[in-house]
1. Quick check on my filter: what residues within the stretch 14-58 are more than 20 Å from residue 93 (Cβ to Cβ) and in contact with a strand residue (DSSP E or B) (Cβ under 9 Å, 6 or more places away or on another chain)?
2. Does at least one position in the stretch 12-23 carry a residue that is more than 20 Å from residue 132 (Cα to Cα), of a type outside the set (Val, Ile, Thr) and assigned to a loop (DSSP other than H, G, I, E, B)?
3. Any chance the stretch 135-146 includes a residue that's part of a helix (DSSP H, G or I) and at pLDDT 95 or above?
4. Could you pull out the residue among 38, 3 that is modelled with pLDDT under 95 and buried (at least 16 other Cβ atoms within 10 Å of the Cβ)?
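The values are calculated or read from the model by the stated rules, or taken from the named source; none is laboratory data. Owing to the predicted nature of the structure, the values given are computational and were not obtained by experimental measurement. Every residue, glycine as well, gets a Cβ built from its backbone with ideal geometry; the counts of neighbours run over all protein chains shown.
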Amino acid sequence: MTVPFQEARALADAVRAQAEELGKALSIAVVDYGGFVVLIERMDGARPMTPDIALSKAYSAAVMQRPTAMLENWRQSDPVFFTQVGRMGQHPIVATKGGWTLKRDGAILGGLGISGGSPDEDQKICEDVLRAAGFDLDFPEWAGARRH
């Protein structure tokens, strides 16, 4: 199962609407469960690097099957391994706010990545848009993180 283009389009439209309310120019990426691009959009005025960052966030959320902010503990607890894994796929694996796994009824459908606002703004927009669209926002703690 994957996220269909029409649903990706609706998510991007919802992100754009929130970005416009905040006066932000963002880039938005939606990928399928394997991390392949369904949609990338760069709003007028968004910085040139933001589409690549949004894509890396969406990719990371899809293939790691956790929101990207949840990967931070793993990155901190095992930085060498995280860096090695982070270079293996089609896109870098990132551990930052603004990437969210698209999960519905327990099934991973893909990932959403947003870039161009502050990390907290990117994260809040992800959460708001996905909650409104009926996606699951609860994920178990990332198993890759070691406790110190």
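1. 15, 16, 19, 25, 26, 39, 41, 42, 43, 46, 47, 48
2. Yes.
3. No - not one qualifying residue is present in the stretch 135-146.
4. Residue meeting the stated conditions: 3.
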